[in-house]
Amino acid sequence: MLRVHFGELDLARLRMAIRPDALWETVLSFHRLREHRAATVYGEWRSLARNRLNGEARLLAPLIPSRGYFPDFLTPAEGGMGCDSGMEALRATSQTRLHTEISRLPAAARLPGWIRDLGQGERRSLDRLTAALTSYHHAAIAPYWPRLQARVEADRAVRGRALLDGGADGLLASLPPTMRWRPPVLEVDYPVDRDLELGGRGLLLQPSFFCRRTPVTLFDPDLRPVLVYPVEHAARPAPPHPPARPATAPRARPVATPRPAPAPVPGTGAAQSLSKLVGQTRSAVLQGVGGGCTTSELARRVGVSIASASQHASVLRDAGLVLTLRRGSAVLHTLTPLGAALLRGGAPAQSSIPERSTPATM
C-alpha cells in the first residue's frame with residue numbers, strides 16, 4: 001500500500017492535470033502492449049499499434065520492464081505539455097541522474113551496451129532513446145489521442161463536480177476505489193509498502209488511459225509529487241467513428257401528429273448549422289451537455305423528459321460525440337473532443353497549448 005500524507009498546504013496545492021500526459025501514456029501503454037489482459041479495452045489498440053511498430057518495442061523493453069520499477073526520467077513533468085516538450089526535458093537529463101536511475105533496474109548488469117552507455121551520459125545513446133520513444137509514441141499513442149483525451153476530460157468532469165460539491169476533501173473522496181481518502185492520508189493500492197510525504201509541495205492527480213488496475217507514482221520521493229491513476233473505461237468502447245448505416249430501400253412514412261420542437265438554444269451560426277445536421281433536439285442536447293451534466297440536469301436544460309434526454313445522449317454516445325461515466329447512482333455526460341469540435345463548427349479550441357495543470361480550486 002502507498003500512503004500519501006497531506007498537510008493543509010498540500011490540500012491547497014492539490015491539482016488536476018488538464019490533459020493526458022504524453023510520456024506517462026507512452027510508458028504505461030508499453031506495459032499494455034506486452035500483456036494479454038483487458039482485451040475489451042485494449043485489444044483493438046494492441047492490434048493497431050503492433051502493426052505500426054518497427055522494432056521500437058524490442059529496443060525499449062530492457063529499459064521498461066513488464067513489471068516493477070522503470071526510470072523516473074522517462075516521465076518528466078513536461079510530458080503534460082505534449083510529446084515534444086517531454087522529449088526536450090528527457091534530453092536535458094543529467095548524467096548523474098541517468099546513471100543512478102538506470103542502475104536501479106533489476107537486470108542492470110545484463111543491460112544492452114547502448115543502455116549502459118546511456119547510464120554514462122553518452123549523447124548518442126540518449127538520442128537513440130528519444131528517437132525510439134518518439135517513434136513509438138507516433139505509432140502507438142498519437143493515432144489514439146482523441147480517445148485518450150476524451151476519457152481524461154470525462155474523468156476531470158467527475159472530479160470537478162466533486163470539488164465543487166465538497167472541496168478538496170470531496171475531490172479526494174471521489175477517486176476510484178483503489179484510492180481511499182482517510183484524512184489526512186490517501187491510501188492507495190500499490191504493489192509495495194511505501195509512504196509519500198508531500199511536505200507542502202501538493203499533489204498532481206493525473207488520470208491515465210493506459211494505467212490499469214492500480215495507480216503509479218514516481219520512485220524518487222524528492223521529485224514533484226504526481227499520482228497517475230486509471231480512468232474508467234466503458235464496458236463496450238464506442239467506435240472511433242459513427243458506424244455506417246446499411247442502405248435500405250426508401251419506404252413511405254406514416255403520417256404522425258407533429259410535436260412542438262423544443263425551444264432553440266441560443267448560439268452561433270455553427271450551432272444553427274449543427275441543428276440542420278443532427279436535428280434541433282439533438283443539437284440542443286449536445287449543447288446542453290456542455291462541460292458535463294447528469295441526465296436529469298440535461299433534461300431540465302433542454303426541456304425534455306429524463307427518458308428522452310437519456311435516449312438522445314445514448315445516440316450521441318454511440319456516434320462518438322458524448323461520453324457517459326457513472327458516479328454513484330447518477331451518470332455524468334461529457335463531450336468528447338469530436339463533440340466539442342462539432343459544436344464549434346470544426347474550429348480549433350481557443351488554446352491549443354493550455355497550461356499543464358489547474359489548481360484544485362478550478
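Observations on the structure shown:
- Taking max minus min of the alpha-carbon positions on each principal axis, the stretch 33-83 gives extents of 30, 25, 23 Å, largest first.
- Computed from phi, the 3J(HN,Hα) profile of the stretch 113-123 under the Karplus parametrisation 6.51, -1.76, 1.60 (θ = phi - 60°) reads x, 5, 6, 4, 5, 4, x, 9, x, 5, 4 Hz, with x in place of Gly and Pro.
- Taking every alpha-carbon pair in the stretch 146-193 and binning the separations at 5 Å intervals from zero gives 5, 21, 21, 21, 16, 11, 4, 0 percent.
- Between the stretch 63-90 and the stretch 166-182, the Cα center-to-center distance that results, in Å: 27 Å
- Computed from Cα atoms alone, the Kirkwood hydrodynamic radius reported for the stretch 174-223 is 12.3 Å.
- Relative intensity, log₁₀ I(q)/I(0), of the stretch 86-140 from a Debye sum that treats every alpha carbon as a point, q = 0.16, 0.19, 0.24, 0.31 Å⁻¹: -0.48, -0.66, -0.97, -1.22
- Qualifying chymotrypsin sites (Phe, Trp or Tyr not before Pro) in the stretch 1-95, DSSP loop, other Cβ atoms within 10 Å at most 16: Tyr69
- Under 5 Å from the amide H of Val226 lie the amide H atoms of Leu204, Leu218, each residue being 5 or more positions distant or on a separate chain, with H modelled from the backbone and absent for Pro and chain starts.
- Amide H contacts under 5 Å for Val322, placed H, 5+ residues apart: Arg317, Thr336
- Placed amide H near Leu14: partners under 5 Å, 5+ positions off or other chain: Leu203, Ala360
- Global form of the stretch 10-122, assessed from the alpha-carbon gyration tensor, a/c cut-off 1.5: oblate
- The share of alpha-carbon pairs in the stretch 45-188 lying farther apart than 19 Å comes to 64%.
- Per-residue Karplus couplings for the stretch 286-294, computed as 6.51 cos²θ - 1.76 cosθ + 1.60 with θ equal to phi - 60°, are listed in order as 4, 5, x, 4, x, x, x, 6, 7 Hz, Gly and Pro entered as x.
- Cα gyration tensor shape for the stretch 281-337, rounded if a/c is under 1.5, else prolate or oblate: rounded
- Under Karplus coefficients 6.51, -1.76 and 1.60, residue-wise ³J(HN,Hα) of the stretch 158-167 in Hz, glycine/proline x: 5, 5, x, 5, 5, 5, 5, 7, x, x
Read-outs: derived from the displayed coordinates by stated rules, not from any lab. Keep in mind that what you see is a predicted model, and the values were worked out from it rather than measured. Methodologically, a virtual Cβ is constructed for each residue, glycine included, from the backbone with ideal geometry; neighbour enumeration extends over all protein chains shown.
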